[in-house]
Amino acid sequence: MDIFLRLLQKANRYQPTDIITIINTPKEQAINLGEMLTISNGNEPEGILVDQTFTTALIQKIETISWQKATIIELEYNGHYRLFWDRLSTRPSALVLGAGHISQPVVEMLYLIGYAVTVVDDRPDFANNISFPNAESVICENFGIALKEINNKRYSAIIIVTRGHRYDLECLRAVMHYPVSYLGMIGSRRRVNGIIKKLTEEGVSKEFLSHLRAPIGLDLGAQTPAEIALSIVAEVLATTRKGTCLPLRDIGR
Amino acid sequence: MDEIILKTICDIKGEKSKAVLVTIVDTHGSTPRKAGTKMLVYPDGRIVGTIGGGCTESEARLQALRALDENISFTYVLSLLDDNAADEGMVCGGTMEIFLQVI
C-alpha cells in the first residue's frame with residue numbers, strides 16, 4: 001500500500017507516528033531522495049531508507065534523541081545524508097457542552113482554527129446539524145448519558161457553556177477526570193466562586209481547581225455572544241500554543 | 001503532516017496524477033511558518049496549503065514546477081530578506097530551507 005494512504009489511515013485512527021524522509025544524499029545516491037520511513041508507537045517501522053543497515057542505524061539514532069519539534073537529522077553512510085524528522089499531526093478535538101448562543105460561534109471559530117468539534121445538548125431545537133454545519137458531530141442527548149458514551153481520551157479541549165449552572169456543574173463533575181489540556185466553564189465570578197467552594201468542600205483537589213478555566217476566556221472586554229466566543233477560543237489557542245496572551249508589542253522590548 | 005494534506009495527496013495519487021509536496025525543513029531568523037509546514041503544488045501551478053505566502057511562496061512554486069519537469073526531489077533555500085532593506089544594508093527577515101518532493 002502507498003505510504004501516504006497508510007499515513008492517512010493512521011491519522012484517522014489518531015495513531016502517533018514519526019515520519020522520516022531522506023532530503024539530501026551523496027550525488028550518486030540521488031535515487032534515494034524522498035524515501036520515507038514511518039514509525040508508529042508500539043509497531044514495527046514501515047519502509048526502508050537506502051538499505052537495511054542504513055535504516056537500522058537511523059532508527060538507533062533517533063531513539064537516542066527526544067522529540068522537540070520537526071527537525072533535520074544527519075547521518076554518514078558512505079557519504080553525507082540529511083533526513084527530515086516529522087510527526088503526524090492529527091486534528092485536535094474539542095468537546096463543547098451546550099448548544100446555545102455562545103456555543104454556536106465557539107464551535108465555528110474552533111472549526112476555523114482546525115478543531116474537530118463535538119457538540120452536546122439535550123434540546124433538539126439547538127443540538128442539530130443546521131445550527132452547527134461545521135461541527136464534526138452533534139449529539140442530542142441528556143448530558144450525563146452523552147458523557148458516559150464519549151471517548152474521553154479523544155479531546156484536548158472541553159468547553160462547558162450550557163444553558164444553566166446546574167447543567168454546567170453536572171458536566172464539570174462528569175469530565176473532571178478527562179486528560180485534557182484545556183477545561184473551561186462559563187459563569188460569573190460570583191457563580192464560579194460558589195461552585196469552587198462547593199467542590200472544595202466535597203474534597204476536589206486544589207490542583208484540579210487551579211487547572212480549571214473559570215470564569216472562562218480572556219479579558220477582551222467581550223459583551224456579545226460572538227465576542228465572548230472569541231475570548232474563549234483565544235484562550236484555548238493560547239493554552240495549546242503556550243502563548244503569553246500579552247500584546248506582541250509589549251513583548252521583548 | 002496533517003490529514004488534510006494527506007487526503008489531498010491520496011486523491012492526487014488516486015487520479016494517477018502528480019504533484020510536489022513542499023515542506024519547510026529548517027528555518028533561521030524570523031520566518032512566517034516553522035519547520036514541518038507543508039503545501040502542495042499541482043502541475044498547473046495551483047497550491048493547497050501555504051508556507052507563508054508572498055514572493056518566497058511564489059519562488060517555491062516555481063521550484064516545485066521545476067521539480068515536476070525534471071522529476072527530481074531536492075532541497076532549496078529561500079531568503080526572506082526584504083529587498084529594499086537589503087539594499088540599505090539592513091537585514092530584517094530570515095531564511096528557510098524547503099524540500100521539494102515529487103509525489
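Each reported figure results from applying straightforward, stated rules to the coordinates on display, with no laboratory input. Please read these numbers as outputs of a predicted model, since none were measured by experiment. Neighbour counts are summed over all protein chains in view; Cβ atoms, including those assigned to glycine, are modelled from backbone coordinates with ideal geometry.
Please report, in debye to the nearest 20, how large the charge dipole of chain B is about its Cα centre when each Lys and Arg carries +1 at its beta carbon and each Asp and Glu carries -1 there.
Here chain B has a charge dipole of around 520 debye.
By how many degrees, between 0 and 90 and to the nearest 10, does the Cα long axis of helix B:54-70 differ from the longest principal axis of chain B?
Here the helix axis deviates by roughly 40 degrees.
Which net charge results for the neighbourhood of A:Asn32, defined as the other residues with beta-carbon distances under 14 angstrom from its beta-carbon, given Lys and Arg at +1 and Asp and Glu at -1?
That sum, taken over residues with Cβ under 14 Å, equals -1.
Taking the Cα centre as origin and putting +1 on Lys and Arg beta-carbons and -1 on Asp and Glu beta-carbons, what dipole magnitude results for the protein assembly as shown, to the nearest 20 debye?
In debye, rounded to 20, the protein assembly as shown gives about 1240.
What net charge is computed for the residues neighbouring B:Val102, neighbours being all others with C-beta under 11 Å from the C-beta of B:Val102, Lys and Arg scored +1, Asp and Glu -1? Don't jump to the answer; show the numbers that get you there.
Working: positive: B:Lys18, B:Arg66; negative: B:Asp69, B:Glu70.
So the surrounding residues net to 0.
Any idea what diffusion coefficient segment A:93-240 gets from Stokes-Einstein, in µm²/s, Kirkwood Rh on alpha carbon pairs, 4 °C, 1.567 mPa s? Mind dumping the intermediate values first?
On the way: Rh = 15.1 Å.
My calculation gives 86 µm²/s for D.
Can you give the Rg to Rh ratio for the protein assembly as shown, taking only C-alpha atoms and Rh from Kirkwood?
Radius of gyration relative to Kirkwood radius: 1.03.
Per residue of B:16-28, count partner chain C-beta atoms within 10 Å of its C-beta, then hand back the mean as an integer.
Taking all residues of B:16-28 together, the mean is 2.
Between 0 and 90 degrees, rounded to the nearest ten: what's the tilt of helix A:165-175 against the longest Cα principal axis of chain A?
30 degrees
Taking the 0 to 90 degree range and rounding to the nearest ten, how far is the long axis of helix A:3-12 tilted relative to the main principal axis of chain A, both from C-alpha atoms?
20 degrees
Local charge sum around B:Ala35 (other residues, Cβ-Cβ under 9 Å, Lys/Arg +1, Asp/Glu -1)? Could the numbers behind the result be given before it?
On the way: positive: A:Lys69, B:Arg33, B:Lys34; negative: A:Asp86, B:Asp26, B:Glu97.
Surrounding charge for B:Ala35 is 0.
Given the options A:Tyr77, A:Gly164, A:Thr21, identify the residue whose Cα lies farthest towards the positive end of the charge dipole of chain A (+1 on Cβ of Lys, Arg; -1 on Cβ of Asp, Glu).
Farthest towards the positive pole: A:Gly164.
Using only C-alpha positions, report the orientation-averaged shadow area of the convex hull of chain B, nm², one decimal.
Projected over every direction and averaged, the Cα hull of chain B covers 6.4 nm².
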